[in-house]
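The values are calculated or read from the model by the stated rules, or taken from the named source; none is laboratory data. Here the structure is a predicted model, which is why all the values come from computation and not from measurement. Cβ atoms come from the backbone with ideal geometry, glycine included; neighbour counts cover every protein chain shown.
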Amino acid sequence: MVVGGGTMGTVLFSPSRSWNGSSRELHDYRVGLLGPFVDYTFVESIGLHAQLLMGLANVAENGSGSTTTTAWGFGVSLGLGVGTWVSRTLCLGVLFRGQLAHVSTSRTENAYGGSPGNPDLLGIGVNESQTLFSGGLLVDLT
């Protein structure tokens, strides 16, 4: 069993965002988690292990040519992997990992994104929350 602190992140390039039937392309969209984690090996012979990280979540979206919008909240990441032992304490393999984050932000100034119907056309005092899930198959060194 490994217990520690860590960070995990996902970057989506060229995603689109929709709101009220309108959408626009973003330059990038980043989801990050920071907090304590546990990684436990169930079957040592094949390096079968699971991991859990819970903590602070951050989402940052960057529209091409505009400022970055950030939101904060809570997130959790679960992973399940297998591998082969390359030394007495290191296992190299693959890991399926999913991240779930719930974040929110409050606009304290006018955020005007251009044309009517643009998802960034928000006014003062608008509260926005998002729940996001991302997953992936990764190379893992534990």
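Just a few scattered comments:
- Considering only residues in the range 77-97 that are among the β-branched types (V, I, T) and farther than 28 Å from L56 by Cβ, the one that is surrounded by the most Cβ atoms within 10 Å (Cβ to Cβ) turns out to be V82.
- Restricting the range 103-112 to residues that are under 23 Å from L34 (Cα atoms) and surrounded by 13 or more Cβ atoms within 10 Å (Cβ to Cβ) leaves a set whose member that is modelled with the lowest pLDDT is T105.
- Hits in the range 85-102 (condition: farther than 17 Å from V38 by Cα and outside any strand (DSSP E or B)): V86, S87, R88
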